[in-house]
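Structure first, then comments.
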């Protein structure tokens, strides 16, 4: 992975930068010892590692503002970091950049049941938000698998999803407001406890911007009441095709389940061996469908889903008996990645999204690729919204296998785009998919996105080397090429 | 305005914009023109009429996705969806009653450009939450796209959010792909009669805090309820608080029962059937109660829901007007006798305590040119807004002045 050439001038000024930032954050807020920096050398995408120039851990918005202002004036790059759980290398350090960690922003600021909102600092974990409101029966809906560790600020930066976003939406659909700091140190507040802030939807733009536009210092999210009942149904199928047909039939009948997850045979076996969730082992594909809502609704929808599953030839149907069993059904799915980790030295997780009806075709073609590359594949995915997580099994100790796994992954993502899908559904582009952006976007598309970046960060100091394969200078991007001096189009109707 | 250009294709839109960029002209971008009175009056040299860019190009009901050219009439889209028992879950508003044009609900491009969402907004999201992808021509005269046709997508910046609600000031939308959802099998509205504004906010909050998946919560004070086109509401003899419940039949019945139990402490209970419910929520959505003779000025305020009643009371202390509430108290509609400054100091002053924003939805061109129609922004945000505009439209050829003076 090629990263921007480190700026030797900045590196040579390291001690000066340490002193300046140390004056802003008192005490142990600056980390520069190599041993301690090691903890920050990668995020959840562990294949790429780099020690940062230094790490700074501010505690207040004012400190963040002063740090960014200093870096801006001194031409120092900044890599924002939440909990470091990104699966795409969004928080991968740079040798000449300050890693700005938000881990000390760990307080829930306000729980407001009257407005059904929680105000939190960005370093608070996703699950801690639910924990803060659970006593009153509320929860925060987006539930990425890393929710015990990942931070809400990181969720905003990546627009994190989860198994329940089929019904309840992604981070972007659950975010009400935020406070952010621009690279020039300006503090801007967006939204609040009201909806649709008026003006350009910067709240929506910041969400999923992978730390390229601003540093988030406060987040306001909406909370929901826990559904009265939730039940999960296990449906086994003799083929991926049949499972895919079932997904289409359920959605086509007008039912939007709370979650609809699919696992293929290798994933089912790995998960069952690990967790003993009670999954059937004699099937090729498994669907876990969750229904939630009032008891009457759940009962009614389960009957309909059983009927639909029967029509498309499900081999077996099992409805969770109680909350305990429902949790067990999910435990297998939620532990699918570590379960795969038990049967292979390394795995590489992809994240493309495809139109649902292309699912069987895509699975067949990735199976062919698996044969061609000689690397095993296990599939776990959010079938309801077409978000695939193919896991490529490899061994980094075998020379050339990592590169082979990466090539295989790139082929899978190209296939996703070819069938009308996208490179990443919820993990982000980061460094991992950066060089594939051209598969989805034209040069003009990417230039327009980068002009937006210029509006926030004209010197390209925030998280450079992520998301966009080519870095253009803002002056160059801003240039207008006007070639026509007069109305050339005789065909455009005028009236 | 000297003339109107009516491009037939995205290529012709590119040519037109490039011409404007080089020739110092500017465009008022129009679909059907149904929302021209929404926002500031545009200061453009000509109109860019997109009405030829029309037609549904993609509809896969089982994929819950539709794609259409930007100026496809909303009525055409809603009719196609209805054939498959589907809908736009964000309930786009139809402003024709307020604007008195009788010109219909406009185009899908207009809906997206204005991010107009109805009563289901708190539950189902806004227009911005349903746009999956688009193609547009920037004010630089370059075509660009963002997003795609799938629901889960974090590839690159989410320009779909940015373009939604940008009033056509960043790009000329040419193609739009959006999420569609099943229409509910059954629809009921639980009514509470006679609650004061403060109590009604509490009642709506109680309903919204329940597990009943309420998809609409509005409160019509007595004077507004009396003008409702649904008899059961207009003859209720007092204020009406309405709670909408939608979904599979057994679920709707169960939730209505639960809600009646929860809310009976707030007043006499009632219930509307499907037909009356549809009529009521359409009127709530479109502010039909304030259509009147077209003379009153109308504001739309988005506030923290719990602060709805206090905000309204503060405004009504200073101005002679009427309000009703949607979004569980989070959306205030205010109608008032015309004033030269549209009472903006009182309206926006009332937002200071709790936060929120106010949009002047109906007033004369003169008033909308002099009073900030959208909530004014703090300096740093205004400067950022201007830089973003510049990133898409450096010469200011698209809808100049439509959102803010000088932008």
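Values quoted throughout were computed directly from the atomic coordinates according to the rules given, and no laboratory measurement underlies them. This is a predicted model, so every value here is computed, not measured. Please note: Cβ atoms are built from the backbone with ideal geometry, for glycine as well, and neighbour counts cover all protein chains shown.
For region A:224-281, the gyration tensor built on C-alpha atoms gives an oblate shape. Its axis ratio a/c (a ≥ b ≥ c) is at least 1.5, and a/b is not larger than b/c. In the protein assembly as shown, helices alone account for a calculated mean residue ellipticity at 222 nm of -9500 deg cm²/dmol, with every DSSP H run of four or more residues adding -39,500 (n - 2.57). The overall shape of region B:186-286, judged from the alpha-carbon gyration tensor, is oblate: a/c is not under 1.5, and a/b is no greater than b/c.
Extension gain, residue A:60-residue A:491: 0.36 nm per intervening residue step, less the Cα-Cα distance, totals 149.2 nm. Normalised by residue number, the volume inside the convex hull of the Cα atoms of region A:1-94 is 101 Å³ per residue.
When its C-alpha radius of gyration is set against 2.2 N^0.38 Å (N residues), region B:288-370 gives a value of 1.00.
Three principal axis extents describe the C-alpha atoms of region A:229-337; from largest down they are 35, 30, 19 Å. Between residue A:282 and residue B:78, the FRET efficiency from the beta-carbon distance, with R0 = 35 Å, is close to 0.15. Across region B:186-286, the relative contact order, built from alpha-carbon pairs under 8 Å that are at least six residues apart, equals 45 percent. Each semi-axis of the equivalent ellipsoid for the protein assembly as shown is √(5λ) with λ an eigenvalue of the Cα gyration tensor; in descending order they amount to 40, 35, 28 Å. For region B:1-183, compute Rh as the Kirkwood radius over C-alpha pairs and then the Stokes-Einstein diffusion coefficient at 25 °C and 0.890 mPa s; write the answer in µm²/s, rounded to an integer. D = 149 µm²/s.
What is region B:229-270 by shape, rounded, prolate or oblate, if you read a ≥ b ≥ c off the alpha carbon gyration tensor as root eigenvalues and call it rounded for a/c under 1.5, prolate for a/b larger than b/c, and oblate otherwise? Here region B:229-270 falls in the oblate category.
Simple spin-label estimate for residue A:442 and residue A:397 gives 5.0 nm between the two label positions (7 Å along the Cα-to-Cβ direction from each Cα).
Comparing B:87, B:377, B:297 in a Gaussian network model of chain B, where Cα atoms under 10 Å apart are tied by springs, the biggest mean-square fluctuation is seen for B:377. When each of the peptides A:358-366, A:328-336, B:51-59, A:193-201 is scored by how many other beta carbons lie within 10 Å of its residues on average, the order from highest to lowest is A:193-201, A:328-336, A:358-366, B:51-59. The order of B:93, B:269, going from fewest to most other C-beta atoms within 10 Å of their C-beta, is B:269, B:93. For the pair residue A:342 and residue A:48 in one chain, pulling the backbone fully straight at 0.36 nm per residue adds 103.7 nm over the alpha carbon distance. Exposure proxy ranking for B:145, B:152, A:136, B:186, based on other Cβ atoms within 10 angstrom of each Cβ and starting from the fewest, stands as A:136, B:186, B:145, B:152. Divided by 2.2 N^0.38 Å, where N counts the residues, the Cα radius of gyration of chain A comes to 1.02. Peptide B:233-246 has a mean shielding of 0, counted as Cβ atoms of other protein chains within 10 Å of each residue's Cβ. For residue B:58 and residue B:387, a Förster radius of 41 Å and the Cβ-Cβ distance give a FRET efficiency of 0.75, rounded to the nearest 0.05.
As a proxy for reagent exposure, B:265, A:272 were ordered by neighbouring Cβ count within 10 angstrom, fewest first; the result is B:265, A:272. Using the Cβ-Cβ distance between residue A:35 and residue B:293 with R0 set to 60 Å, the FRET efficiency from 1/(1 + (r/R0)^6) comes to roughly 0.20.
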